[in-house]
1. Kindly identify the range 30-111 as rounded, prolate or oblate by the Cα gyration tensor criterion: order the square roots of the eigenvalues as a ≥ b ≥ c, call it rounded if a/c is under 1.5, otherwise compare a/b with b/c, prolate if a/b is larger, else oblate.
2. Within the set LYS38/LYS82; LYS82/LYS127; LYS25/LYS154, which residue pairs have Cα atoms separated by over 26 Å?
3. Could you tell me how far the Cα centroid of the range 35-55 sits from the Cα centroid of the range 94-172, in Å?
4. Mind giving me the nanometre distance, one decimal, between the label points for PHE13 and LEU57, set 7 Å out from Cα along Cα→Cβ?
5. Counting other Cβ atoms within 10 Å of each Cβ, which trypsin sites (Lys or Arg not before Pro) in the range 132-179 have at most 15 and sit in a DSSP loop?
6. Quick check on the chain: of the DSSP beta bridges with both residues there, what percent are antiparallel, nearest 5%?
7. Nearest 20 debye, what's the magnitude of the dipole of the chain about its Cα centre given +1 on Lys and Arg Cβ and -1 on Asp and Glu Cβ?
8. Answer rounded, prolate or oblate for the range 66-184, using the Cα gyration tensor with square roots of eigenvalues a ≥ b ≥ c: rounded when a/c is under 1.5, else prolate when a/b is larger than b/c, else oblate.
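Just so you know, all these numbers are worked out from the coordinates, no wet-lab data involved. Since we're looking at a predicted model, the values are computed, not measured. Neighbour counts are summed over all protein chains in view; Cβ atoms, including those assigned to glycine, are modelled from backbone coordinates with ideal geometry.
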Amino acid sequence: MFFNYIISFIAFFIINFVGFSSRIKKINYEILQQEKIKNKNIIYAFWHGRQFLLVFLHRFKKICIMTSYSRDGDLQTKILSKFGYILVRGSTGKKGAVKSTLELIKALKQGYDVAFAVDGPAGPAFKVKPGVIYLAQKTQKVIIPLTSSAKNKKILNNWDRYLVPFPFNDCRVVYGKPVYVNKDDSIEHKCFELQQELNRITNLADGNRN
């Protein structure tokens, strides 16, 4: 849609303005570096509402992301493509999910990283859906949880509590403990493990260290 085309350019400008004008501190970045050396490519996992800074920080890094066929998914596709991400369109329906999963497996085999908003595209918020675990199990690729926060921000009152950082900010991107999924692991158990780690590092990013 033409409207989404215009909005995507506005979003591209805003994300770049915030990103380039802010100081972004990367916490536990060595975890990512070590896993990239060992595994070559990895699967990123993050909460839907914390992706603003992640989009900026990981731009043009050979990362593949799945977006939905919805109107919001179309807008997201237009925005992310401007930052150099490779997009796979998918759906929550069985046929669409199988097709998109096969495309993500293909991307991993070709050397791309893959990234998931693990509670997207429509929630419930902060609850890991099984797709990311299934993909890791099938490909034997490690999952790296990550999240972001900012000192000065607006939390939107929508389903995912989307965090919008202000320009000229102090921001954090936190990388969590790797999640390894063996072929005989329980998907439900691994979903819970990833969920707990994402919640832990999100509290850390927000400054809650208890």
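1. Taking the square roots of the gyration eigenvalues as a ≥ b ≥ c, the range 30-111 is oblate.
2. Pairs exceeding the cut-off: LYS38/LYS82; LYS82/LYS127.
3. Answer, in whole Å: 8.
4. If labels sit at PHE13 and LEU57, their model points lie 2.6 nm apart.
5. LYS151, ARG161
6. Working: 9 of 29 bridges.
Percent antiparallel among DSSP bridges in the chain is about 30.
7. Roughly 380 debye for the chain.
8. prolate
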